[in-house]
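The values are calculated or read from the model by the stated rules, or taken from the named source; none is laboratory data. Remember, predicted model here, so these are calculated numbers, not experimental data. Because the Cβ atoms are built from the backbone with ideal geometry, glycine has one as well, and the counts that use them run over all protein chains shown.
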Amino acid sequence: MNFKSVLRNIVAVIVGWFLGGTVNMSLVKVGHEMYPIEGVDVNNMEALAEAMPHLGLEHFIFPFLAHALGSLVGAIVAGIIAQNHKMKFALSIGALFFIGGVLMVFILPAPTWFILTDLALAYFPMGWLGGLVALKLSKKAVA
């Protein structure tokens with residue numbers, strides 16, 4: 001493998017991670033606007049952690065969508081940009097987001113049902129789906 005391929009693959013992960021993170025944060029912000037948590041500063045993790053047990057299902061929709069769609073978009077982008085091993089690079093984005101999800105479990109405890117759903121469905125499945133989309137789009141670009 002030559003230097004140009006290695007560099008392109010590194011760029012794929014960085015750009016995929018950045019754009020996926022941008023999607024993630026944008027959806028989290030939209031969720032806070034659509035379903036505000038009255039009397040809680042959502043930028044204060046301690047206040048948010050205290051409010052968690054009292055939140056309804058509607059407060060968890062956008063965090064899940066943010067994690068899933070952020071992983072999906074990041075995986076598609078990384079898979080498209082990667083020089084080779086497109087699925088591996090797409091899945092690496094799912095893995096990076098999964099690590100972030102696990103870290104958030106310790107930073108901001110959520111209900112068990114949300115943690116299990118989020119960790120099981122938002123990261124690796126979306127990374128894999130993003131890899132499939134990237135492979136399909138890459139084949140169309142070549143044809």
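Remark: pairs (first residue in region 97-118, within 24 Å of Gly130 (Cβ to Cβ) and surrounded by 13 or more Cβ atoms within 10 Å (Cβ to Cβ); second residue hydrophobic (A, V, I, L, M, F, W, C) and at pLDDT 95 or above; Cβ separation under 6 Å; 6+ apart in sequence or on different chains) = Gly101/Leu119; Val105/Ile115; Phe114/Phe60; Asp118/Phe64. Does at least one position in region 92-103 carry a residue that is under 29 Å from Ala12 (Cβ atoms) and over 19 Å from the mean Cα position of the chain (by Cα)? For region 92-103, residues under 29 Å from Ala12 (Cβ atoms) and over 19 Å from the mean Cα position of the chain (by Cα): absent. Taking the numbered list (1) part of a helix (DSSP H, G or I); (2) more than 16 Å from Ala12 (Cβ to Cβ) in turn, Leu137 passes all entries but (2). Checking each residue in region 42-80 for being among the aliphatic types (A, V, I, L, M), part of a helix (DSSP H, G or I) and at pLDDT below 95 picks out Met45, Ala47, Leu48, Ala49, Ala51, Met52. For region 122-139, the tally of residues that are small (Gly, Ala, Ser) and under 15 Å from Asn84 (Cβ atoms) stands at 3.
Taking region 42-93 as the region of interest, how many residues are free of Cβ contacts under 8 Å to residues at least 60 places away in the same chain, closer than 22 Å to Leu137 by Cβ and surrounded by fewer than 17 Cβ atoms within 10 Å (Cβ to Cβ)? Looking only at that region, the number is 1. When Gln83 is tested against (1) over 26 Å from Gly131 (Cβ atoms); (2) assigned to a loop (DSSP other than H, G, I, E, B), just one condition goes unmet, and that condition is (1). Using the structure shown, decide if Leu129 is out of contact with any Leu (no Cβ under 7 Å at 6 or more places or on another chain) and surrounded by 13 or more Cβ atoms within 10 Å (Cβ to Cβ). Spelling it out, it is not the case that Leu129 is out of contact with any Leu (no Cβ under 7 Å at 6 or more places or on another chain) and surrounded by 13 or more Cβ atoms within 10 Å (Cβ to Cβ).
In region 27-41, the qualifying residues are those that are touching a residue at least 24 places away in the same chain (Cβ under 8 Å) and part of a helix (DSSP H, G or I), and the one that is farthest from the chain's Cα centre (by Cα) is Met34.
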